[in-house]
Amino acid sequence: MMMTTIADTTTRRGRRGSGIRRGEVLSGWLFTAPMLVLLGLFLVVPVLMALWVSFSDWNGHGSPFSSGVRFVGFTNYQAIVAGGGLAEQDFGTSLRNNAWYVVLVVPIQTALALFLAVLVSRQVLRGRGFFRTAFYFPSVTSSVAITVLWLFLFNTTGAVNKVLSWVGINGPNWFNNPSGIIQDALAGLGVRTGPSALTGHGFLGVSWWDWIGGPSVAMSAFILMAIFTTSGTFMLLFIAALQNLSGEVQEAAMVDGANGWQRFWRITLPQLRPTLFTVLTLGLIGCWQIFDQIYTGTQGGPDKTTLSPAYLSYQSAFNDQEWGQGAAIAFILFVIIIVFTLFQRWLLRDRGVPRRRRLVPTAKEAQR
Amino acid sequence: MQRRITRTLLMGTLAAATAVALVGCGSGFSSGSSGGSSSSPSGLTSSADPLTVLIGSSGDAETKAVSDAVSAWSQSSGTKASVIPANNLDQQLAQGFSAKKPADVFYLSTNALAGYASNGSLLAYGDQLTNKSDFYPSLVKSFTYDGQLYCAPKDFSTLQLVINNTLWQQAGLTSADYPKTWDQLEAVAKKLTTGGHVGLSMNGQYERMGAFMVEAGGNLMNADSTKATANSQANIDALSYVKKLLTDGSLKFAADLGEGDGGQALGSGKAAMTVEGNWVTGELANDFPNVKYTVVPMPSGAKGQGTLQFSNCWGIAADSPNQKAALSLVEKLTSASDQLAFSKAFGVLPSIQSAADQWKQQNPTLVPFLDGANYAQGVPAAKGAAQVVADLDGKLAQLKSQDPKTLLDQAQKNFAALTK
C-alpha cells in the first residue's frame, strides 16, 4: 500500500509550483517520511550491504566495511556459476530442484485456486462459508507446523503409505528418496541410464540427464504441500475478483447462446487477467524463495534434492563461512525472479484480439 | 504503465531483500568499545566485564549441568557469568563474530574450527592451558589448526556396536558370539535377520560407516586434515563391505526402516544391532526404557580396531574483553570433577585421561566407548569439509545402488579442492 503512495507522490512531483499545492507536497513527504526511513534502514541499506558483501572477501569477522575487507570483483559469482567445484554443483542442483518446484507448483496451484474459487462462488452451493473456511484453513496455519505434519504423514510407515497400501501400492520412503520422478518413470520403461549426450554434458555442474530427471520423490512431497497450503490463499484472491465481475456480460453471453464452458473461457477468464497476473507473480516469487519448509523439514536432503537457492544461500553464509558466495546466490536469485516476473508481464500483456477470432466488430472498426 | 513497472521492481526488491536479509542481518556496524579492557603479560585481555557462555545444548539436563558448573565458578572467582542455550549455534556465533560482540566462551565443533580460526575470530589459547597434557592426543589433534591448539576439547563421543539383548538371545546367541571381526559381524547380522527385524542398522552416512574405514586403515583425510585420502583402497574395501551387507539384506539404514537414527531402530526392535555413539544411552533410556542392550567394541578390520570420534571444544573469542577469566572458566569446566558431572548429566565422555578410571568405575557397561579413545580417529576438519561430507552422505544413503569407488573418487576430488 505504502509503496503505491510513494509511487504516486513521485509521479506527481512534476505538478508542483502552483502556490496552493506546495503545502500538499511538503505534507506528502512528511507523511511518507517514517516509512521511507524504515524502508531505507531495513531494506535499502541491508540490500546494499549484501551487494557489497557479494563482491568482497568479507570473512564474517567484524564489519564488512572495515579496512581489511577487499573488493574481489566477480570472484564469488564466478565460484558459483563457473568454479567447477562443489559450490557450482550445489548451486546448479539447487536451481534444478527449485525450477522443477516452480514448474509444477505455480500452474497447479493457480489452476486449483481458480477451480476452487469458481466452485465456492456458485450461488447454488450450500454451506459456501464452510467450504471457503476449509479451503483457506491450511493457508493460515504456520508453515513450520504444516511441514512437521507432512513429515509424519509421508513417513515410510505413515498415513499416506498406509492408504496407498489399501489399494495395493507399496508407497515410497518419501522424504528419504532422492530419485527423480521422471527418471523413475523412465526406469519403469526400462531406461536406467541416460544417453551419453545427456549424461556426459551438463550445466552448472549438473548433467542434462539430472536436469531433466524431474523433482525427487522428497521434493514431490514438498510440491504437494505447497499446492495444498497456498491454493487457499489464492482462491481468496480469485473469489474477490469473481465477485467484482458484472453479471451483465455473463447474461449477454447467455443471450448469445454461449454454454457454461464457453462463458468461462471466453468471458470470465479474460476478465480475471489482472488477478491471474497477481496470483502467478506472487506464486512465482514465493516458490523461488522456498526456505522455511526446507529448513525445518529436510535441510536440503536426501542427496541435496530439496536444496533450494534460498536455503543454500543461508547455509553457505552461516554454516560454511562463505559469506560472499551466500550473498551472491541471493542476488542471482533476485535477478531470476525479476526476469521471470517481466517475462510473465509480457506474456499476460493486454493484446488486441486477433482479427480472425473476433466475433463482433470492435468500436473502432465499426466507426470505419 | 510506468507505475506498474516501478511496483514490479519494488516487489522484486522486496523479494530479494527477504532472501538477503538473513545474510545482511549478521553484519552489524563495528564498535570498538570493550569496557576498558587491558592486556596482561600473557597477552590475554582482562577486565571486570561479566562473561557470557553460549552453548548448543541437547536439552534441559545439559543446560542445567553447564549452568550449575558456571555459577559455581562465578561464586568462587567473583566474575559474573551467564549461560545462554543457543537455538541455532552456528548462526548465533556468526552474528556475534560479525558484530564484534561475540559470546566470551562457546561450544565449537570440529567442523566450524577452521573457518573461525582462519578469519581471526578465535583466541588460540591452547598453549596456556595448565592441563593441556591431560587431554587425549587424538582430540588435541582435532582442535589444532595451523600448528596451534586453538581450544580445549570439551568432551567427546565414539561409535561402538550396540546390541539388543532380547533379540540376541532369541537368535540363540551368547556373549561368546560378540563379533570380533568383519566376517563374524556379517555372520551374526545374517543370523539375526528375520521377518520382523534386520540384523544391523545404522544411519546411512559417513559419520557411521567411517568407523569401518578406520578399521580398514583409511579415512577421508589424514589426521591433520591437510591431505585428501578419500579414495584409498582401505576406504573402498570398507564401503564394499557395507554394501555387501546391504545387498544381503542383513543391514538396512535407519531411514529405510522409517526411523530417525540407529538408536531408534534398535529401541523399536526393527534392528538387533546398531552402530551408534554413547549419546544413544540417553536416547534409549528416555524413549525405550524397557529395552536391554549391551555395548561391545566395533569388530576389527584389516588394520585392527578402529572407530570415529566426535568432539566439541570450548572456544574463546578473540574479541572477548575478559579472556583471562574465560581461560580460568574453561580450565574449571574441563577439570575431572566437572567433566564427570557432565557425563552423569548428559552421557558424554570426559576429554582428559585423568578422569578415565573414575568414569569407568561409574559406567562399567559403557567402557568400550571410552576405550575407543585409544584407536579412534576424528572426522575431516578442513575448512569446507562439512559440505563435502554432507555431499558424500547424500550419496552414501543410496550406497546399495552405487559404486563405492565412483563415490569416493568424487569425494576425493572435492576434498582435494579444499587443501589447495
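When B:LEU108 is tested against the conditions (1) over 20 Å from B:GLY43 (Cα atoms); (2) modelled with pLDDT under 90; (3) within 14 Å of chain A (Cβ to nearest Cβ), the lone failure is (2). Of the residues in region B:143-166, not one is in a loop (DSSP other than H, G, I, E, B), under 20 Å from B:LEU93 (Cα atoms) and more than 20 Å from the chain's Cα centre (by Cα).
Taking first residues from region B:253-267 that are over 13 Å from B:LEU399 (Cβ atoms) and within 12 Å of chain A (Cβ to nearest Cβ) and partners that are surrounded by fewer than 24 Cβ atoms within 10 Å (Cβ to Cβ) and among the hydroxyl-bearing types (Ser, Thr, Tyr), the Cβ contacts under 6 Å between residues at least 6 apart in sequence or on separate chains come to B:GLY258/A:THR156; B:GLY258/A:THR157.
A:ASN177 meets the conditions (1) within 30 Å of A:TRP323 (Cβ to Cβ); (2) within 14 Å of another protein chain (Cβ to nearest Cβ) in every case but one. The failed one is (1).
Would you call A:ALA99 away from every other protein chain (no Cβ under 12 Å), crowded, with 17+ Cβ neighbours inside 10 Å and among the small types (Gly, Ala, Ser)? Answer is no for this residue. Exactly one residue out of B:PRO350, B:PRO299, B:PRO380, B:PRO321 is touching a residue at least 24 places away in the same chain (Cβ under 8 Å) and closer than 30 Å to A:SER179 by Cα, and it is B:PRO380. Between A:PHE264, A:PHE334, A:PHE238, the distinction of being touching a residue at least 60 places away in the same chain (Cβ under 8 Å), over 24 Å from A:PHE175 (Cβ atoms) and crowded, with 16+ Cβ neighbours inside 10 Å belongs to A:PHE238 only. Counting the residues of region A:181-201 that are out of contact with any strand residue (DSSP E or B) (no Cβ under 6 Å at 6 or more places or on another chain) and within 14 Å of another protein chain (Cβ to nearest Cβ) gives 5. Of everything listed in (1) over 30 Å from B:GLY56 (Cα atoms); (2) buried (at least 21 other Cβ atoms within 10 Å of the Cβ), the single unmet condition for B:TYR178 is (2). The helices (runs of 4 or more DSSP H) found wholly in region A:220-303 and carrying at least 3 residues that are under 13 Å from the mean Cα position of the chain (by Cα) occupy A:273-288. Only residues that are surrounded by fewer than 13 Cβ atoms within 10 Å (Cβ to Cβ) and either closer than 17 Å to A:PRO302 by Cβ or within 14 Å of chain B (Cβ to nearest Cβ) (or both) were counted across region A:158-174, and they come to 4.
In region B:293-313, the count of residues that are surrounded by fewer than 22 Cβ atoms within 10 Å (Cβ to Cβ), small (Gly, Ala, Ser) and in a loop (DSSP other than H, G, I, E, B) is one or more. The listed residues are A:GLY73, A:GLY60, and the only one of them that is under 24 Å from A:ILE294 (Cβ atoms), part of a loop (DSSP other than H, G, I, E, B) and either free of Cβ contacts under 8 Å to residues at least 24 places away in the same chain or out of contact with any strand residue (DSSP E or B) (no Cβ under 8 Å at 6 or more places or on another chain) (or both) turns out to be A:GLY60. I'd like to know if region B:229-243 contains one or more residues that are within 20 Å of the chain's Cα centre (by Cα) and touching a residue at least 24 places away in the same chain (Cβ under 8 Å). Yes, there is a match, as at least one residue in region B:229-243 is within 20 Å of the chain's Cα centre (by Cα) and touching a residue at least 24 places away in the same chain (Cβ under 8 Å). Only one of the numbered conditions (1) within 11 Å of chain B (Cβ to nearest Cβ); (2) in contact with a Gly (Cβ under 7 Å, 6 or more places away or on another chain) is not met by A:THR110, and that is (1). Output the residue which, of all residues in region A:197-232 that are among the polar types (S, T, N, Q) and modelled with pLDDT under 90, is farthest from A:ALA99 (Cα to Cα). Selected residue: A:THR199.
Quickly run through region A:129-150 and pick out the residues that are touching a helix residue (DSSP H, G or I) at 6+ places or on another chain (Cβ under 8 Å), modelled with pLDDT of 90 or more and not β-branched (Val, Ile, Thr). Listed by number, the list holds a single entry, A:TRP150. Screening region A:306-321 for residues that are more than 8 Å from chain B (Cβ to nearest Cβ) and assigned to a loop (DSSP other than H, G, I, E, B) and picking the one that is nearest to the chain's Cα centre (by Cα) gives A:SER308. Remark: B:LEU407 matches the filter, which requires a residue to be crowded, with 17+ Cβ neighbours inside 10 Å and over 21 Å from the mean Cα position of the chain (by Cα).
Residue by residue, here is whether (1) of a type in the set (Asp, Glu); (2) assigned to a strand (DSSP E or B); (3) closer than 16 Å to B:PHE310 by Cα holds:
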site: B:ASP371; (1), (2), (3): yes, no, yes
site: B:ALA382; (1), (2), (3): no, no, yes
site: B:GLN387; (1), (2), (3): no, no, no
site: B:ASP391; (1), (2), (3): yes, no, no
site: B:LYS400; (1), (2), (3): no, no, no
site: B:THR406; (1), (2), (3): no, no, no
site: B:ASN414; (1), (2), (3): no, no, no
site: B:ALA417; (1), (2), (3): no, no, no
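If the requirement is being among the aliphatic types (A, V, I, L, M) and either surrounded by fewer than 24 Cβ atoms within 10 Å (Cβ to Cβ) or under 30 Å from A:SER139 (Cα atoms) (or both), which of these qualifies: A:ALA87, A:ALA50, A:ALA111? It is A:ALA111.
The values are calculated or read from the model by the stated rules, or taken from the named source; none is laboratory data. Treat the numbers as computed from the prediction; the structure is a model and nothing was measured. With ideal geometry, Cβ positions are generated from the backbone for all residues, glycine too; neighbour counts draw on all protein chains shown.
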